[in-house]
Every structure is written in structure tokens, then in C-alpha cells.
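Written below as C-alpha cells is the structure these notes are about.
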Amino acid sequence: MDWGRAKNIILVVLVATNIFLISVYGIKYEKNRENNSELYRYMNEKLEENRIELACGIPENSAGIPALTVKYEKYDSSRINREVEAASETGKPAENEKEMREAADELIRACGLDTKGASIVSIKENADGSTTVRYGNYYRDIPLQECYMNVVFRDGKISRLERKWMEPVEEGKSKIRVTEPATALLRFIEMINEDREKGKEAAEETVTVSDMYLTYYVNGDEIRRNILYDTAFPAWCIRYGDGQIRYISAYEQ
């Protein structure tokens, strides 16, 4: 057998196969892009028609993410109280946000709550004069909603720690295909119109969407039902109005 000729034939077949696969993928990609363009045009028409204004960018869609098994974290409240009291009695009053961050981080470490995903997401002054350093929990840069730690300062001193927390245990075996943000916004339009019909939203007022992002979400009520483990699925979080939030499923069933 002429192995040199056979190798050339195999090489030609492989090149032809690759060209075919690339062509098929290109056709499918163009078709998907055209379909998405139509979807987003329709979404924009519906937003305008229903007096909903986007004051934020539309996030890029994810190719797919796994579901998460999560565990609701218990903690020793007596230990937390001791550490909060010690920090309040011995710590120097924080005079600015930088010092509040440092004091909050130190408290979290002392309480043994400085888990891998914990990260400060905001520092906010409250109506009663106190200030809250809020921690969120992230898994691969995606937030786990209904999951937080609040370190509250009064007059520069730590006064309390509030916590509702869950930790990822393991990923699902397969990735979930995430729905387009436009699909979530179309569902959001339906929800707003339902609220308008019920009188929960003023019928003639414009609703402004201030933020939209992908999150892991489980029903926050489950924490109060003594369930230790649950599954967190991808959802689109939409913030609108004066701080209202809607979670819309982001996975195709």
C-alpha cells in the first residue's frame, strides 16, 4: 500500500469534513442571530408599548451553567454575640468606609464566617443613622440571591451582625441552557401588567428597570422550614422602581 498517498487522501477527507462542519455551524449561527434580532426588536416594541424603560444594559447571555446543590449554613449565635460585643468594646471607631470594611472583615474572620464566596457588595447609610456593610455570596462570579451577611455600625462601632447564608456543595452533572434576557423581560412585562390590573402598580406610570443580571436562586422561605439542602437554579434578577425585585427563571425546561 502507498502510505504517502493514503495519508494525503485522509488529510483531504479531514479538511473537507472540517469545512462542512464549519459551514453548518456558520449557517446555524446566522439563523440564531437573525432569530435573536427579531426577538430583541419585539422586546423593545413591547417595552415601549407597556411603558417600561430600561435604565441599564441588557446582560450577555450565558452558554449554560450547572444547577447547584446548596446547604443552609447554621452558626453559633452565642459566639457571634461575643465577637460583636468584643469588637464594639475594644475596637477603635471606624471613621470612614475603608475602616468599616476592615473592621467588618475582621469580625467575619473572628466569627469563622469568611467563606470563599463572601464579598462586600455595598456600604449603605440607613435612615436611623447606622451604616450597613453588606456581604454577598458568589459562585464563579454569579451571586447566590437571598444570601447575605450585614455588619451594622452605629457611631463607628459594630452593633450587630445579621446573616442568612447558604454554601454551594456541588454542581449538577450537566449544564443548563440559559434563556435569553429578552425572554425574561417579556415575562417581566406580563408581571407588571398583572400588577397594574391588581392595582399594585399605577396603570399610567412608567416602570424603570435599573438593573438586570444572572443569579442563582432558591426560594428564601425555605430557610425558615428547617431544610438543610436545596437546589439553586439560574434566574434573571430584575431590579426596578424604588428597589423592587423580580426573579424570573432562566433555564429552559
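Taking the numbered list (1) under 22 Å from the mean Cα position of the chain (by Cα); (2) among the hydroxyl-bearing types (Ser, Thr, Tyr); (3) part of a helix (DSSP H, G or I) in turn, THR132 passes all entries but (3). How many of the residues in segment 60-91 are surrounded by 14 or more Cβ atoms within 10 Å (Cβ to Cβ) and farther than 25 Å from CYS111 by Cβ? Residues in segment 60-91 being surrounded by 14 or more Cβ atoms within 10 Å (Cβ to Cβ) and farther than 25 Å from CYS111 by Cβ: 5 in total.
Has segment 48-58 got at least one residue that is β-branched (Val, Ile, Thr) and either under 23 Å from TRP236 (Cβ atoms) or within 26 Å of the chain's Cα centre (by Cα) (or both)? Yes; the residues of segment 48-58 include at least one that is β-branched (Val, Ile, Thr) and either under 23 Å from TRP236 (Cβ atoms) or within 26 Å of the chain's Cα centre (by Cα) (or both). Each residue in segment 166-197 was checked for being more than 30 Å from ILE58 (Cβ to Cβ) and either without any contact (Cβ under 8 Å) to a residue 24 or more places away in the chain or under 17 Å from the mean Cα position of the chain (by Cα) (or both), and 1 pass.
Scanning segment 148-158 for residues that are within 17 Å of ALA110 (Cα to Cα) and loosely packed, with under 15 Cβ neighbours inside 10 Å gives no hits.
What about ASP230, is it modelled with pLDDT under 95, under 25 Å from GLU73 (Cβ atoms) and not in a helix (DSSP H, G or I)? For ASP230, the condition - modelled with pLDDT under 95, under 25 Å from GLU73 (Cβ atoms) and not in a helix (DSSP H, G or I) - is met. If you check ARG51, ARG101, ARG79 for being out of contact with any Asp or Glu (no Cβ under 8 Å at 6 or more places or on another chain) and either among the hydrophobic types (A, V, I, L, M, F, W, C) or farther than 19 Å from THR132 by Cα (or both), only one passes: ARG79. Criterion applied to SER174, SER159 was being in the same structural domain as ASN126 (by TED's automatic domain parsing), part of a strand (DSSP E or B) and of a type in the set (Ser, Thr, Tyr), and the one residue passing it is SER159. Selection of first residues in segment 48-65 that are farther than 18 Å from THR215 by Cβ and of second residues that are surrounded by 12 or more Cβ atoms within 10 Å (Cβ to Cβ) and not hydrophobic (A, V, I, L, M, F, W, C), restricted to Cβ pairs under 7 Å at least 6 apart or on distinct chains, gives the following pairs, ordered by first then second residue: ASN50/ASN193; GLU53/THR208; ALA55/THR208; ALA55/SER210. Across segment 81-89, a minimum of one residue is classified as of a type in the set (S, T, N, Q) and at pLDDT below 90.
Restricted to segment 77-95, and to residues there that are of a type in the set (Asp, Glu) and under 16 Å from ASN150 (Cα atoms), the residue that is farthest from the chain's Cα centre (by Cα) is GLU85. Just wondering, is there one or more residues in segment 93-100 that are within 23 Å of ASP211 (Cβ to Cβ), in a loop (DSSP other than H, G, I, E, B) and modelled with pLDDT of 90 or more? Within segment 93-100, not a single residue is within 23 Å of ASP211 (Cβ to Cβ), in a loop (DSSP other than H, G, I, E, B) and modelled with pLDDT of 90 or more.
The values are calculated or read from the model by the stated rules, or taken from the named source; none is laboratory data. Just so you know, these numbers come straight off a predicted model, no measurement behind them. Ideal geometry is used to build each Cβ from the backbone, glycine not excepted, and the neighbour counts take in all protein chains shown.
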